[in-house]
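The block underneath contains the structure these notes are about, expressed in structure tokens.
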2 protein chains.
Amino acid sequence: MSTLPPDGSGPAGSPFVRACRRLPVPHTPVWFMRQAGRSLPEYRALRGDGSILAAIADPALAAEATLQPVRRYGVDAAILFSDIVVPVEAVGFGVDVVPGRGPVVERPFRSADDLARLRPLEPEVDAPYVAEAVRLAVAELAPSGVPLIGFAGAPFTVASYLVEGGPSRTFTRVKSLMHAEPDLWRALLDRLAAMAVAFLSAQVAAGAAAVQLFDSWAGWLAPYEYEQWVLPATRQVLAAAAALGVPTILFGVGTGELLGLMGTSGADVVGVDWRVPLDRARARVGVGRAVQGNLDPSLCLGPWPVTAAAARRVLDEAGTEPGHVFNLGHGVLPETDPGILAELVSLVHAEGRAGVTGADRAPVAG
Amino acid sequence: MSTLPPDGSGPAGSPFVRACRRLPVPHTPVWFMRQAGRSLPEYRALRGDGSILAAIADPALAAEATLQPVRRYGVDAAILFSDIVVPVEAVGFGVDVVPGRGPVVERPFRSADDLARLRPLEPEVDAPYVAEAVRLAVAELAPSGVPLIGFAGAPFTVASYLVEGGPSRTFTRVKSLMHAEPDLWRALLDRLAAMAVAFLSAQVAAGAAAVQLFDSWAGWLAPYEYEQWVLPATRQVLAAAAALGVPTILFGVGTGELLGLMGTSGADVVGVDWRVPLDRARARVGVGRAVQGNLDPSLCLGPWPVTAAAARRVLDEAGTEPGHVFNLGHGVLPETDPGILAELVSLVHAEGRAGVTGADRAPVAG
């Protein structure tokens with residue numbers, strides 16, 4: 001662990017947590033969604049050919065995969081190596097993660113009868129390996145002060161897999177359910193919200209210093225659908241997570257039209273994809289919220305001058321006001337060169353200006 | 001053709017063309033992207049198992065597929081049965097449309113050498129069946145006054161297939177090309193713009209009364225990328241099409257952040273996907289532009305009360321000012337019940353209020 005960045009302040013005083021809380025920072029913090037994974041050769045060596053759910057269920061392996069990107073890139077936060085379907089799989093709903101395809105559900109959610117298949121999650125009984133992986137990773141990170149981010153799938157996005165039976169491009173079944181059977185839909189989301197809260201609480205109890213809620217596919221909804229049928233359950237989860245004393249992040253792809261609503265979700269930080277310039281995003285989420293993002297992952301394939309120019313544009317659009325966590329606008333693509341991501345961390349640390357102590361305080365662009 | 005809606009005014013005076021030009025209309029016009037195709041049993045009977053490019057190259061078959069949805073639904077416009085890759089295929093670039101996958105390119109565009117594979121399109125020599133299909137369909141439509149919409153792929157979206165080699169979810173190669181080799185990128189788009197102009201001109205000369213430019217994947221770009229590397233070529237095509245004297249429509253998916261720029265493209269009408277409420281869309285595209293859209297195609301799977309409620313919401317958001325063409329926010333899904341679309345046309349005709357003569361003139365909502 002000799003390459004972990006030295007920091008004596010502990011996770012709660014880390015640049016990442018301070019930026020989430022819109023406090024001044026010594027440098028702009030940066031981490032990457034999907035930083036642990038297929039883009040790292042050491043990860044592929046660690047994983048071999050086993051299933052991803054089996055890897056997640058191995059605390060030593062999961063902790064190691066969590067730490068690899070911190071060592072490799074010098075990012076300002078680790079994120080637990082896990083998956084958003086772990087809670088539903090752990091209560092026996094019957095979910096597998098198929099390589100190259102994503103989560104696949106053997107018997108999709110179709111009617112009120114299926115609610116019984118979603119009993120409450122008891123993390124320390126149903127998935128004790130999750131808290132154990134967090135404890136192992138947090139212990140290794142402790143000397144450096146680098147925080148660990150816990151996470152869960154937001155109720156809508158998890159529901160989309162359960163209802164569609166797998167990844168979808170149209171979400172026809174899940175939209176049909178929310179429109180045609182709103183009471184059943186709300187009952188489903190209530191169960192998934194409770195499971196997300198239990199999952200996040202276990203991670204925070206084990207040492208996670210922040211949490212991110214992935215509502216990856218919320219951007220396929222119109223604003224009125226999001227507000228009526230998704231935001232209430234999302235708020236429940238975020239309120240419960242905030243009560244644990246850690247900052248909360250809410251992220252989705254294609255959410256330009258939803259950012260105003262997401263700003264009212266209770267999240268401290270709203271994650272933004274690459275389509276919305278961060279100055280626009282800041283205006284939409286409103287004061288009192290930080291933003292996270294939003295370099296296009298496709299532009300991390302290089303060449304480096306392309307990546308650097310695009311990263312500088314993100315930093316410009318983030319402006320100088322506190323409250324920017326640098327990230328990609330979606331997950332790291334598997335074919336990304338790790339060397340580019342390492343250079344990117346250096347660039348962000350050297351040139352980020354949002355809330356950076358002593359940095360130029362020019363007005364935010366745009 | 002006995003079920004064609006009677007209208008003595010001819011295509012130029014049709015409700016569809018008038019709405020494109022923001023003139024008062026007797027009823028809100030409606031058509032559906034992908035109205036000709038797999039959702040219609042008579043289309044599946046007509047097509048059989050042949051390739052789609054072979055069907056497009058058969059003028060009688062293409063004209064019949066163009067007319068089927070007009071008879072079935074009573075829509076206010078036909079759209080030519082064709083494909084955005086027809087021009088590049090016709091000059092010999094080597095493109096096939098694979099069922100269930102989409103356009104696939106045998107030798108993708110990789111370097112300046114590939115420009116030579118994109119010689120100028122001579123529609124009456126390279127693809128005479130296109131104008132012939134338009135002529136046949138327009139002749140059949142003439143008694144009803146229903147206009148036919150010609151179309152082309154916008155330079156970026158066609159380029160995305162040529163460069164990626166097929167459908168993509170990340171557009172990494174095409175983004176890399178525009179960022180790293182902007183001169184080559186512009187040369188590629190110039191060729192594709194010229195081909196789109198030739199393709200559209202042939203359709204208008206053969207009787208098309210309006211044209212739509214499909215920039216289906218533009219919404220995967222950030223606004224600065226769109227403005228620098230896509231909008232100039234799009235403007236060229238739209239200016240040339242407008243000079244032919246027909247109204248022009250520009251459509252893409254996920255373009256919420258681009259609507260302001262699309263409003264400056266020269267298009268008379270900006271197509272909007274289901275994510276952006278039409279009142280917001282109207283504000284973004286600016287005065288002097290009509291909007292087209294934007295019912296979520298997933299909500300056309302019914303049950304009918306769900307579809308009807310969502311359609312009424314679209315009509316409310318479109319307001320009462322002239323300049324709304326009702327459509328879906330993306331193409332008709334193959335599993336759609338044609339009966340629902342027929343009911344939808346009736347609802348729009350009965351309840352649409354944008355620029356409808358004698359309708360209530362209350363302020364636009366939102």
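The values are calculated or read from the model by the stated rules, or taken from the named source; none is laboratory data. Model, not experiment: these values are computed from the prediction. Cβ atoms come from the backbone with ideal geometry, glycine included; neighbour counts cover every protein chain shown.
Summary of computed values
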| item | result |
| --- | --- |
| Helices (runs of 4 or more DSSP H) contained in the range A:142-209 and holding at least 2 residues without any contact (Cβ under 8 Å) to a residue 40 or more places away in the chain | A:172-180 |
| Residue count, the range B:289-326 (criterion: surrounded by fewer than 20 Cβ atoms within 10 Å (Cβ to Cβ) and among the small types (Gly, Ala, Ser)) | 3 |
| Within the range B:280-294, considering residues that are under 21 Å from B:Phe16 (Cα atoms) and not small (Gly, Ala, Ser), the one farthest from the other protein chains (Cβ to nearest Cβ) | B:Val287 |
| Subset of the range A:38-55 (residues that are in contact (Cβ under 8 Å) with a residue 60 or more places away in the chain and surrounded by fewer than 21 Cβ atoms within 10 Å (Cβ to Cβ)) | A:Arg38, A:Pro41 |
| Check on B:Asp268, facing another protein chain (nearest Cβ under 10 Å), buried (at least 21 other Cβ atoms within 10 Å of the Cβ) and not small (Gly, Ala, Ser) | no |
| Checklist (1) surrounded by fewer than 23 Cβ atoms within 10 Å (Cβ to Cβ); (2) away from chain A (no Cβ under 14 Å) applied to B:Tyr161, failing item | (1) |
| Qualifying residue in the range B:327-336 (condition: buried (at least 19 other Cβ atoms within 10 Å of the Cβ), more than 14 Å from chain A (Cβ to nearest Cβ) and either aliphatic (A, V, I, L, M) or touching a residue at least 40 places away in the same chain (Cβ under 8 Å) (or both)) | yes |
| Filtered residue count, the range B:307-321, keeping only those that are of a type in the set (Ser, Thr, Tyr) and within 14 Å of another protein chain (Cβ to nearest Cβ) | 1 |
| Residues being farther than 16 Å from B:Leu315 by Cα and modelled with pLDDT of 95 or more - total across the range B:25-36 | 3 |
| Options A:Val163, A:Val130, A:Val138, A:Val158; residue that is modelled with pLDDT of 95 or more and closer than 19 Å to A:Ala54 by Cα | A:Val130 |
| Search result, residues across the range A:204-240 that are within 12 Å of chain B (Cβ to nearest Cβ) and in contact with a Lys or Arg (Cβ under 9 Å, 6 or more places away or on another chain) | A:Gly219, A:Trp220, A:Leu221, A:Ala222, A:Pro223, A:Tyr224, A:Glu225 |
| Criterion (more than 22 Å from B:Ala205 (Cα to Cα) and among the aliphatic types (A, V, I, L, M)) met by exactly one of B:Ala116, B:Ala133, B:Ala139 | B:Ala116 |
| Matching residues in the range A:115-128 - criterion: being surrounded by fewer than 19 Cβ atoms within 10 Å (Cβ to Cβ) and in contact (Cβ under 8 Å) with a residue 60 or more places away in the chain | A:Leu115, A:Pro120, A:Glu122, A:Glu124 |
| Hits in the range A:58-77 - residues which are in contact (Cβ under 8 Å) with a residue 60 or more places away in the chain and under 19 Å from A:Ala127 (Cβ atoms) | A:Asp58, A:Pro59, A:Ala60, A:Ala62, A:Ala63, A:Thr66 |
| Cβ pairs under 7 Å, 6+ apart, first in the range B:295-306 and at the interface with chain A (Cβ under 7 Å from one of its Cβ atoms), second assigned to a loop (DSSP other than H, G, I, E, B) and among the polar types (S, T, N, Q) | B:Ser298/A:Thr170; B:Leu301/B:Thr336 |
| Selected residue [under 30 Å from A:Gly355 (Cα atoms) and either out of contact with any helix residue (DSSP H, G or I) (no Cβ under 8 Å at 6 or more places or on another chain) or not polar (S, T, N, Q) (or both)] from A:Ala78, A:Ala116 | A:Ala78 |
| Complete set of residues in the range A:107-126 that are farther than 20 Å from A:Trp185 by Cα and more than 20 Å from the chain's Cα centre (by Cα) | A:Glu122, A:Glu124, A:Val125, A:Asp126 |
| Of the criteria (1) surrounded by fewer than 16 Cβ atoms within 10 Å (Cβ to Cβ); (2) within 14 Å of chain B (Cβ to nearest Cβ); (3) among the aliphatic types (A, V, I, L, M), which one A:Val276 fails | (1) |
| A:Gly219, sole failed condition from (1) under 25 Å from A:Gly166 (Cβ atoms); (2) surrounded by 24 or more Cβ atoms within 10 Å (Cβ to Cβ) | (2) |
| Residues within the range B:210-249 that are β-branched (Val, Ile, Thr), in a loop (DSSP other than H, G, I, E, B) and closer than 27 Å to B:Gly13 by Cα, tallied | 1 |
| Residue in the range B:7-24 that is crowded, with 17+ Cβ neighbours inside 10 Å, at pLDDT 95 or above and of a type in the set (Gly, Ala, Ser) present | yes |
| Out of A:Arg169, A:Arg186, sole residue that is of a type in the set (Lys, Arg), away from chain B (no Cβ under 14 Å) and surrounded by fewer than 20 Cβ atoms within 10 Å (Cβ to Cβ) | A:Arg186 |
| A:Ala154, sole failed condition from (1) among the small types (Gly, Ala, Ser); (2) surrounded by fewer than 16 Cβ atoms within 10 Å (Cβ to Cβ); (3) in contact with a strand residue (DSSP E or B) (Cβ under 7 Å, 6 or more places away or on another chain) | (2) |
